[in-house]
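The values are calculated or read from the model by the stated rules, or taken from the named source; none is laboratory data. Since we're looking at a predicted model, the values are computed, not measured. Here the Cβ positions follow ideal geometry from the backbone for every residue, glycine too, while neighbour counts run over all protein chains shown. Side chains are part of the model used for accessible areas, which takes the heavy atoms of the whole protein and leaves out ligands, DNA and RNA. Shrake-Rupley method; radii C 1.70, N 1.55, O 1.52, S 1.80 Å.
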Amino acid sequence: MAAQPANLPFAYLNGLYLPLDEARISPLDRGFLFGDGVYEVIPCYAGTLFRLEPHLARMQRSLDAIGIAAPHTLAEWTDVLNGLVAHNGGGHQSLYLQITRGAPNLRDHRFPAECPPTIFAYCTTLEDPDTRSLDDETGLRCITCDDIRWSRCDIKAVTLLANVLLREQARAAGCDEAILIRSGWVTEGSTSNVFVVSEGEILTPCAGPDVLGGITRDLVIELAGRHGLSLLESFVDPRLLQSADEVWISSSTRGVRPVVALDGKPVGDGRPGPLWRKMAECYAEFRRALMA
Ligand code: PDD
């Protein structure tokens, strides 16, 4: 069993590093009242934030999409987040960053005229990814569910009620993740992107309004290209999930994980597949090279 993540002592709130248990925000914050904000989850290995630039670029796209003016430049964000990692002693961490439309005096759906955004970040421990051998991977169990989310899943919004309900549905079924189907096509997981291996080809749904452009997903696509694996971004028919040789999910916190059971039936032979193993090796090698 993987160790449960624990909160690290320091947080960042609106320009200050402070103990997490001293961080306070107003109940009038629009993140609390409306879910009016965006977020990122960025893994950090051996003190280095992994794929920081693409995470910050996606955060900027999310901010632009919801009309929050950029509170920091790329260089400033880099300093702020590296500073938080350093306050927490480096090593392996998962950094959560949230920016909301701030805390005006009145609850009003309309954007406030002038209100500074609330910027909050904190970290949790992250298991050393090299302590577990790929041989020990037993794989995940998933269910399929109707994708009940909104139509701007490309925005990494904190408004996650639908994702929460779907993830809970998976948990209640004794499973690790819900794989979502919308208008007859696979979209993504409730907290992850999805890959399907069929006849030696890796398929993943196209990023867009229905599918978050995952940073891990993009890296998997990049690594497939570098290592000569055939990968296609395309519509994925849910029937393919049932007949697939392999199914994987990806996210910043989980990396690339094999799915061994779907809706109570085995995926392929019910064990992590050879292409997953190849991709997991490529991923680990890429990560280690950055940490070296
Ligand atoms: N979520 N799709 C959804 C709906 C997600 O919530 C996530 C990750 C991903 C994968 O994106 P990335 O590879 O950039 O982590 C795809 C994070 C980890 C979370 O909400 O905690």
* Single match in 137, 168 (criterion: within 15 Å of the ligand (Cβ to nearest atom) and either assigned by TED's automatic domain parsing to the domain that holds residue 212 or surrounded by 15 or more Cβ atoms within 10 Å (Cβ to Cβ) (or both)) -> 168
* To do: Give region 40-82 a look and list any residue that's assigned to a helix (DSSP H, G or I), open to solvent by less than 40 Å² (accessible area, probe 1.4 Å) and under 20 Å from residue 191 (Cβ atoms), or say none.
  => 55, 58, 59, 62
* Pull up region 182-194, narrow it to residues that are over 17 Å from the mean Cα position of the chain (by Cα) and part of a strand (DSSP E or B), then point me to the one that is farthest from residue 59 (Cα to Cα). => 185
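For region 188-199, check the following and say yes or no: at least one residue is open to solvent by less than 20 Å² (accessible area, probe 1.4 Å), aliphatic (A, V, I, L, M), touching a Gly at 6+ places or on another chain (Cβ under 9 Å) and more than 10 Å from the ligand (Cβ to nearest atom). Steps first, please.
Our first condition is that a residue be open to solvent by less than 20 Å² (accessible area, probe 1.4 Å); within region 188-199, this holds for 188-190, 192-197.
Still in the running and aliphatic (A, V, I, L, M): 194, 196-197.
Among the residues that remain, those that are also touching a Gly at 6+ places or on another chain (Cβ under 9 Å) are: 197.
Filter once more, keeping what is more than 10 Å from the ligand (Cβ to nearest atom): 197.
Within region 188-199, one or more residues are open to solvent by less than 20 Å² (accessible area, probe 1.4 Å), aliphatic (A, V, I, L, M), touching a Gly at 6+ places or on another chain (Cβ under 9 Å) and more than 10 Å from the ligand (Cβ to nearest atom).
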* To do: Answer with yes or no whether residue 174 is open to solvent by 50 Å² or more (accessible area, probe 1.4 Å) and either at pLDDT 95 or above or within 15 Å of the ligand (Cβ to nearest atom) (or both).
  => yes
* Asked: How many residues does region 209-249 contain that are within 12 Å of the ligand (Cβ to nearest atom), in a strand (DSSP E or B) and within 24 Å of residue 65 (Cα to Cα)?
  -> 1
* **Residue among 129, 116, 112 that is more than 30 Å from residue 238 (Cβ to Cβ) and open to solvent by 90 Å² or more (accessible area, probe 1.4 Å)** => 116
